[in-house]
Amino acid sequence: MIAEALTWMFSKAAKGARRAGLVYEAAGISGRFRRNKSAWQPHLEKTKCHIRAQIQKTDPNMRILVLGAGLALDLPLAELNKHPAGAILCDAVVTPTLQLKLFGYPNLSYEIKDITGLLSHIRKNSDCDTISVPNSTFLRHRDFGLIISCNILSQLPLSFRNYASDKKTAADTTQNKAHINPQKTHIMNAVQDAHIRTLKSAGCPVLLISDFKQRTTTGGKTETALTAPIEQLPSPPLETWTWDIAPEGEIGKSISVTLDVGVWLLTGPSLTV
Ligand SMILES: C[S@@+](CC[C@H](N)C(=O)[O-])C[C@H]1O[C@@H](n2cnc3c(N)ncnc32)[C@H](O)[C@@H]1O
């Protein structure tokens, strides 16, 4: 509880990110991680393992960019730090824990950035009608040897969705939270499309790791929802696995949530759209 409060108080955030709920979410993730360490471990290890393998193949003279660094739970910091040209860890939020950790990794730096460029436009209970759909998401205009999109693709629309769910009417129930107006749905899809489009045209190898399907089991009944547009990614993925993100008891009695996670390698300019 104290750690979560400190994360909430001392995190640095891009403009609009705190209001859009991302600092609150960072504090929440640190708590969920502490409670579910062993259930999360296989997913964190798989992610690190794919990143390590890709670092080995990266030109030692070219930097690595990580998008969605978050708390760096799924990042092999030692190996990123050993990469001679170093790495930049980018996220809309940087927590005090990560800032402290990075003192031990002189080859790593962080950059606070809202990669959609839209967080500061979100207004509580607004219907997003004034937000224009982006064509691309942020990418530094600098040569990188490798870009890693690290478990961020499914998260990009959530700030928009969470504001939508503030607009609950008396008729809404927890089962009926997909009560989202069409403009919000449009933006939520558009930020994911823009991220994939940007990565495909990055001109260097891109490792994209993301969940794409959520399974929620309540009292033995399972509901499935897609969390990312994998039809836009090369098929088949390099690997897929299951992340036990909320074992029974984390959200409630007799409720558990798992995510299907995949990893894709998007290589170079030939994939430009
Ligand atoms: C599930 S976390 C990624 C996991 C992370 N690698 C870790 O180990 O903690 C998703 C991350 O996406 C970031 N994020 C969400 N929307 C963003 C945006 N518009 N710009 C930049 N980062 C964003 C969140 O702050 C969060 O850290």
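The packing ranking of peptides 80-86, 247-253, highest mean first, is 80-86, 247-253, where packing means the average number of other beta carbon atoms within 10 angstrom of each residue. Under a straight-distance cross-link criterion of Cα-Cα below 16 Å, which aspartates and glutamates are reachable from K184, leaving out those fewer than 8 residues away in the same chain? Cross-link targets: D127, D129, D166, D193.
From the Kirkwood radius over Cα pairs of the stretch 74-127, Stokes-Einstein at 10 °C and 1.306 mPa s returns a whole-number translational diffusion coefficient of 123 µm²/s.
Each reported figure results from applying straightforward, stated rules to the coordinates on display, with no laboratory input. Predicted, not measured: the structure shown is a model, and the values here were computed from it. So basically every Cβ, Gly included, is an ideal-geometry build from the backbone, and we count neighbours across all protein chains shown.
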